[in-house]
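Before any comments, here is the structure.
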Amino acid sequence: MKIKRFFAPDIRQAIRMVREEQGPDAVILSNSRVNGGVEIVAAVDYDETVFKAVKGEFPGETRSTEAQTAGTPVRKTAAEAPVSRPAAEPASVSRTGAPVFDANGSIWSQEPTLVELRAELNRMRLMMENQLSSLAWGQFARREPAAVELIQRLMCFGLTAAQSRRLVDGLGRLDGDIEALWQRALNVLASCVPLYGDDILDEGGIVALVGPTGVGKTTTAAKLAARYALRHGSRQVALITIDNYRVGAYEQLRTYGRILDVPVRTADSRDELRKVLNDLCDRRLILIDTTGMGQHDSGLQRQAELLDKEHLNKKTLLLLSATTRLSGLEDVADAFGVFRPDGCILTKLDEATCIGGAVSTAISRALPIAFYSDGQRVPEDLHPARAGALLARGVETMKNSESHINEDLIALSFGKEMANAYV
């Protein structure tokens with residue numbers, strides 16, 4: 001068992017230090033207030049038979065000497081500080097030996113009975129939420145059947161329960177044929193879809209395409225280059241890649257460049273990127289293909305700094321795959337917000353069973369849609385975004401899909417929006 005003391009101004013910082021140094025399997029043996037903050041004793045490779053940290057002491061150490069515990073030095077100055085009675089209960093230990101935190105990061109007691117009590121309270125809350133959700137939905141369905149039908153359709157289309165409710169509430173009186181009401185709802189939705197316009201292919205400039213791995217950035221860059229070359233000539237276009245991680249990324253883009261008769265360059269740093277851009281300054285449109293990264297990749301910030309928006313005077317478009325679930329799309333949009341995108345391109349509409357999630361994300365994250373793609377053909381399968389055509393495509397996809405959302409799940413999701421006020 002490897003034991004170490006951690007000192008910090010407050011308990012949250014101390015816990016963060018434990019997580020970073022000892023990992024998620026570390027066990028909090030004790031915590032107490034000391035002069036200048038808090039002290040935590042934590043261990044990895046935890047063995048309960050040698051656990052003697054009731055008062056922050058463990059075998060082989062006294063508080064007045066500078067001891068070595070499992071090869072880890074203990075700070076003497078902090079170790080000699082007087083210790084008062086713990087101001088908070090020790091962090092709880094889960095069945096696997098890891099500390100237990102609540103949703104807000106607060107520490108729960110080490111007592112197993114309290115851990116079980118919290119689990120039981122969570123189960124009871126979930127049961128109450130489900131019952132209230134079903135009750136709220138049932139009452140709403142009896143009172144406003146037309147609204148329920150429209151909400152069901154909008155959620156099948158891919159909108160969230162909250163977005164669906166707001167849209168239906170904005171329709172006013174729901175009299176008349178349900179199909180006419182559905183068309184009204186789609187018209188309102190179309191007015192909410194943010195559009196970037198087709199000015200990229202008119203104005204040119206420097207355009208960087210960003211997004212997670214596999215979303216179609218390289219193919220989309222080739223499609224945009226081809227469309228611009230057809231309109232203005234191949235001598236007006238250039239391609240740059242800063243993707244030096246994916247095997248064959250440069251070769252793939254260079255193949256497109258040979259086909260389109262446009263130059264393809266690569267850059268590894270901000271200075272090199274500026275030099276390449278200066279060399280290509282006579283080109284009216286320069287497209288930058290970036291490295292695909294997951295939304296939780298620590299390298300996102302470094303890549304955003306390489307594509308420094310203020311110094312490069314460029315536009316940035318975020319690519320969102322319509323095959324990704326709504327929660328994943330929102331996560332991507334939030335993570336890639338570090339690039340401060342000017343708009344987005346929706347990809348893989350031909351593979352999606354529901355494209356409303358991508359539309360919903362564009363609305364909720366205020367990302368104007370510039371284009372959408374629905375295939376691998378260059379450049380045929382790239383289309384300027386038009387709200388009416390995009391929603392018509394979404395409705396057709398919804399009708400053809402066999403994986404309709406279960407009505408009980410719709411009732412549960414929507415009912416929670418109403419029931420939360422009573423929980």
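Every number in this text was worked out from the coordinates using simple rules, so none of it is lab data. As the structure is a computational prediction, the values presented were derived from the model and not from experiment. All Cβ positions, even for glycine, are placed from backbone atoms using ideal geometry, and neighbour counts span all protein chains on display.
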Label point at Arg340 placed 7 Å out along Cα→Cβ; residues across the range 208-230 whose backbone nitrogen lies under 13 Å: none
Ser321's amide H: which non-local residues (gap 5+, or another chain) put their own amide H closer than 5 Å, with H modeled 1.01 Å from N in plane and none for Pro or chain starts? Thr347
Between Cys192 and Asn313, the FRET efficiency computed from the C-beta separation at R0 = 25 Å comes out, to the nearest 0.05, as 0.25
Compute the distance in nm between two label points, each set 7 Å from the Cα along the Cα-to-Cβ direction, one at Glu179 and one at Ser327. 3.7
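For Ala119 and Asp199, calculate 0.36 nm times their separation in residues minus their Cα-Cα distance, and state this gained length in nm to one decimal. It would help to have the intermediate numbers written out before the result.
Details: separation 80, 0.36 × 80 = 28.80 nm, distance 5.47 nm.
Extending this stretch completely gives an extra 23.3 nm.
Plugging the Kirkwood radius over Cα pairs into Stokes-Einstein for the range 327-408, at a temperature of 4 °C and a viscosity of 1.567 mPa s, what D comes out in µm²/s?
Numbers: Rh = 13.6 Å.
Calculated translational D: 95 µm²/s.
Among the listed pairs Lys315/Lys399; Lys315/Lys348; Lys217/Lys314; Lys223/Lys399, give every one whose C-alpha distance is greater than 26 Å.
Among Lys315/Lys399; Lys315/Lys348; Lys217/Lys314; Lys223/Lys399, the Cα-Cα distance tops 26 Å for Lys315/Lys399; Lys223/Lys399.
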Spelling it out for Arg265: with amide H atoms placed in the peptide plane at 1.01 Å from N, the residues 5 or more places away or on another chain with amide H under 5 Å from its amide H are Leu239, Ile240, Thr241
